[in-house]
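Just below is one structure, and these are the notes that go with it.
What follows is calculated from the coordinates using simple rules that are stated; it is not laboratory data. Everything numeric in this text was worked out from a predicted model, so none of it was measured. Note that each Cβ is placed from the backbone with ideal geometry, even for glycine, and that neighbours are counted across all protein chains shown.
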There are 2 protein chains.
Amino acid sequence: MRPTVHDIAAEAGVSLATVDRVLNDRPGVRGVTKAKVEAAIASLGYVRDVAAANLAKSRVYPLVFILPEGDNPFMRGLEAEVRRTGLHSAIERTRLSVVTVPAFDAAALAAAMDAAIAEGVSGIAAVAVDAPEVFAAIDRAREAGVPVVTLVSDLSGSGRDHFIGVDNIAAGRTAGSLMGRFLGNRPGPVAVLAGSMRVRDHGERLEGFLAAMSAMPNTRAILPVLEGQDDPDLSFKLIANCLAAVPDLAGIYNLGAGNRGLLKALAAHGTDLCVIVHELTGETRGALESGVIDAVLNQDAGHEVRSAIRVLRAKADGLSVNAAQERIRLDIFIKDNLPPAGPDEE
Amino acid sequence: MRPTVHDIAAEAGVSLATVDRVLNDRPGVRGVTKAKVEAAIASLGYVRDVAAANLAKSRVYPLVFILPEGDNPFMRGLEAEVRRTGLHSAIERTRLSVVTVPAFDAAALAAAMDAAIAEGVSGIAAVAVDAPEVFAAIDRAREAGVPVVTLVSDLSGSGRDHFIGVDNIAAGRTAGSLMGRFLGNRPGPVAVLAGSMRVRDHGERLEGFLAAMSAMPNTRAILPVLEGQDDPDLSFKLIANCLAAVPDLAGIYNLGAGNRGLLKALAAHGTDLCVIVHELTGETRGALESGVIDAVLNQDAGHEVRSAIRVLRAKADGLSVNAAQERIRLDIFIKDNLPPAGPDEE
DNA sequence: GAATTTTTGATGTACGTAAATCAGAAATTT
DNA sequence: AAATTTCTGATTTACGTACATCAAAAATTC
């Protein structure tokens, strides 16, 4: 049986009220007495029963997810995952809400964060935009005692409590390594399609990709990066032009979100290219199964949402987080280890 | 504010006691009344507050993990993970214990299960051995109302409530696909090292591997399976002999646990072979980083333990499980996406 | 040493549910 | 219609913690 506050009171030879004062940092306890109580806590190995405490406080945890607007399939999947999780998490005294803001709009993100703080949420998860306004908003959250985690795109150097997402440099390296090995000694250059180089994730992925490709035994030309702005039509045009202009093209790495345009261009082409992309969706899954795509790198939206909730709740309670458990892994999917289709793949 | 039992009583026009009888399936409620209460539950969207319920029941969940003895690194990692998790999970009213039994000993496993049932545990997680005794023991657990999940090695067709582990056929296929693609058009046969073909996992991995290899564009000879009994010395001898006898060997797939012997033989050889193995440990991590091993397929022990706990608790409470969340993924590691070393890698 | 302040104890209520008891009402049987 | 059985209500205690109040004790100040 785990010790309770009563056991501590008995062990320390004080009253329950005093134990309560020590446990909850209430004033009116002499240093000597406080030390006695703390010794009893330590010797009995007391751990507060969070469930009972929350019940007594009738505490709920309103958490806000701030996500970019637009038709980025990954973000929409993330949103769907939050909503789905929200249905089941009332049980755990958590109330989730989603706010969307224009993509890459630092001012809007900062405003949304301030609104959440004003509403008195107990935690914020946001896809960070790299701008001073956002740093400042995070600092304000910190002052207000509201924990903040960055989602998918980090903001290291800011006051954020935790980052939930993959290591994008490693993701790029992984793509480069697979591309190099899959191509072997087959000649021909490789094209890279990105959304925009102004986004930190994309920059990091490219960096890793180039590093891994240049470490391969046989050197291979990498064409200048195509920036498709994650727009299907523009991506289609860029890739179609590239396929026409570079007949000996050996592979394509899409490190951004615009897979739809890429796949459309490949369909018109008839492909024996090595194609590696990010994010497992219904479309990329189909292309993987049919052999158009060779590998998909993925971060699991469900895991990210659940991890964000666990971390924010732990931070709100002042508890520590299990770093190993909260690490988001980079999944490599080839057609042989595809998981059964989930509900969030369109 | 979420509705409580009091709200339901008011809504249904019955007393609190009656609501309690309906909620907990206690006898003494007429069909009409029961229907009224259930209607109220549905219309108010009542969900039982599990935390409060557990508090009231002062319920704890004693769970048993039954694992094979021996120096199988993966099993020992699993055990360490259970112990580590056990330290933190007292908070969640779960009490974990580990029982080890001789590997592949069906009678011992069945006896351990019966002992756990007799002790009144509220859930059993076991690495299943494929034998009638075990089927019978699972049935006895079922009759006693004790949920059972199989861990790592499944026993489909039995009464087990859930399987926690990877799809081993898909794992074999993945290994085969990677092997084929990494080798490209390089000639030479491939060797397969297993522990024992009498273990179901190993059989399934081989099956998947052979299927994927034969689906590759260029055919390639697969040497007869070497059975190293997961023993370092025997594995070393088998691989050393093979390397000597087959000078043009192109690759090795170890689908079992005996990586130590394999690595020792490779170290003495100086390798440009394509090597794919299972289970990320300190040794395989090092070999991956140094380039001796090309890919490691892994199932995360921490995830499996946490998943087993969640599933057993849900089953014990008669709740449903989130299948997508509980699916154990097959991780593909190459040197570029290695996670930081965890505590369970020796 | 008296007056004051600070510290401590005792006690009660609340959170949402479980579980038990006993009395009374309703339904069923005789 | 009476006796019996089956349901239902009212009430209480408990789980472990939070939080408030008031009185009593101890320490401090004057």
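Mind putting together the pair-distance distribution for chain B? All Cα pairs, 20 Å bins, whole percent per bin, short to long.
27, 46, 21, 6, 0
Computed from the mean reciprocal separation of all distinct C-alpha pairs, what Kirkwood hydrodynamic radius does segment B:122-176 have, in Å?
Taking the inverse mean of 1/r over all distinct Cα pairs, segment B:122-176 comes out at 11.8 Å.
Averaged over A:31-38, how many beta carbons belonging to a partner chain fall within 10 Å of each residue's beta carbon?
0
Express the relative contact order of chain B as a whole percentage, based on alpha carbon pairs under 8 Å and six or more residues apart in sequence.
14
What Rg and what Dmax come out for segment B:228-346 when only alpha-carbon atoms are used, in angstroms?
Gyration radius and largest Cα-Cα distance of segment B:228-346: 17.7, 59 Å.
I'd like the mean, over residues of A:324-334, of how many other protein chain beta carbons sit within 10 Å of each residue's own Cβ.
Other-chain Cβ atoms within 10 Å of each residue's Cβ, averaged: 6.
Hey, fewest Cβ within 10 Å first, where do A:LEU266, A:LEU210, B:LEU151 land in order?
A:LEU210, A:LEU266, B:LEU151
Please pull out the direction-averaged projected area of segment B:5-48, using the convex hull of its alpha-carbon atoms, in nm² to one decimal place.
For segment B:5-48, the mean projected area of the Cα convex hull comes to 2.6 nm².
In which sequence would B:ASP294, B:ASP7 go, from the one with the fewest C-beta neighbours within 10 Å to the one with the most?
Going from least to most buried by this count: B:ASP7, B:ASP294.
Quick one: order A:THR281, B:THR100, A:THR85 by neighbouring beta-carbon count within 10 Å, fewest to most.
Least crowded to most crowded, the residues run B:THR100, A:THR85, A:THR281.
Going by a ≥ b ≥ c, the root eigenvalues of the Cα gyration tensor, does segment A:32-132 fall in the rounded group (a/c under 1.5), the prolate group (a/b larger than b/c) or the oblate group?
prolate
What do you get for trypsin sites (Lys or Arg not before Pro) in segment A:1-103 restricted to DSSP loop and a cutoff of at most 14 other Cβ within 10 Å of the site's Cβ?
A:ARG30, A:ARG59
Can you list the aspartates and glutamates whose alpha carbon is less than 15 Å from that of B:LYS57, not counting same-chain residues fewer than 8 positions off?
Correct list for B:LYS57: A:ASP49, B:ASP20, B:ASP49, B:GLU92, B:ASP317.
Bin by bin, in steps of 5 Å, what percent of the Cα pairs in segment A:101-208 do you find, going until the bin that has the longest distance?
2, 12, 19, 19, 14, 10, 8, 6, 5, 3, 2, 1
Percent antiparallel among DSSP beta bridges with both residues in chain B, to the nearest 5?
Close to 10 percent.
In nm, one decimal, shortest first: how far is the label point of A:LEU234 (7 Å from Cα along Cα to beta carbon) from the matching points in the other copies?
6.2
Please give the direction-averaged projected area of the C-alpha convex hull for segment B:1-82, in square nanometres with one decimal.
One quarter of the hull surface, i.e. the mean projection, equals 8.6 nm².
Taking only Cα atoms, what is the 0 to 90° angle, nearest 10, from helix B:132-143's long axis to the longest principal axis of chain B?
It works out to around 20 degrees.
Treating each Cα of segment A:168-298 as an identical point scatterer and ignoring solvent, apply the Debye formula and state log10 I(q)/I(0) at q = 0.14, 0.17, 0.21 Å⁻¹.
-0.52, -0.80, -1.30
Determine the distance separating the Cα centre of segment B:153-176 from the Cα centre of segment A:184-238; give it in Å without decimals.
Comparing the Cα centres of segment B:153-176 and segment A:184-238, I get a distance of 37 Å.
Could you please report the charge total around B:LEU155, scoring K, R as +1 and D, E as -1 over all other residues with beta-carbon less than 12 angstrom from its beta-carbon?
Spelling it out: positives minus negatives among the neighbours equals -4.
Taking the Cβ of B:ASP336 as the centre, find all other residues whose Cβ is under 15 Å away and add up their charges (Lys, Arg: +1; Asp, Glu: -1).
Around B:ASP336, the surrounding residues sum to -1.
Using amide H atoms built in the peptide plane, which far-off residues or other-chain residues are under 5 Å from B:ALA103 H to H?
Distant-sequence amide H within range of B:ALA103: B:GLU69.
With chain B treated as a Gaussian network of Cα nodes joined by springs under 10 Å, which of B:HIS278, B:HIS88, B:HIS202 yields the largest mean-square fluctuation?
Looking only at B:HIS278, B:HIS88, B:HIS202, the largest GNM fluctuation is found for B:HIS88.
For all pairs of alpha-carbon atoms in segment B:53-98, what percent lies in each bin of width 10 Å, listed from the first bin to the last filled one?
26, 44, 22, 8, 1
Ignoring everything except DSSP H segments at least 4 long, calculate the 222 nm mean residue ellipticity for chain A; use -39,500 (n - 2.57) per segment, divide by total residues, nearest 500.
-14500 deg cm²/dmol
As an exercise, identify the trypsin sites (Lys or Arg not before Pro) in segment B:159-225 lying in DSSP coil whose Cβ has no more than 15 other Cβ atoms within 10 Å.
B:ARG198
Once you treat every alpha carbon in the protein assembly as shown as an equal point and sum by Debye, what is log10 I(q)/I(0) at q = 0.07, 0.08 Å⁻¹?
Ignoring solvent entirely, the Cα scatterers give -0.56, -0.73.
Count the net charge of all other residues whose Cβ sits under 11 Å from the Cβ of A:ALA12, scoring Lys and Arg as +1 and Asp and Glu as -1.
Result for the local shell: -1.
Considering every Cα-Cα pair within segment B:180-225, what fraction, in whole percent, is farther apart than 12 Å?
Cα-Cα pairs of segment B:180-225 separated by over 12 Å account for 63 percent.
Using DSSP, restrict attention to beta bridges with both residues in segment B:240-338 and report what percent are antiparallel, rounded to the nearest 5.
Here the antiparallel bridges make up roughly 30 percent for segment B:240-338.
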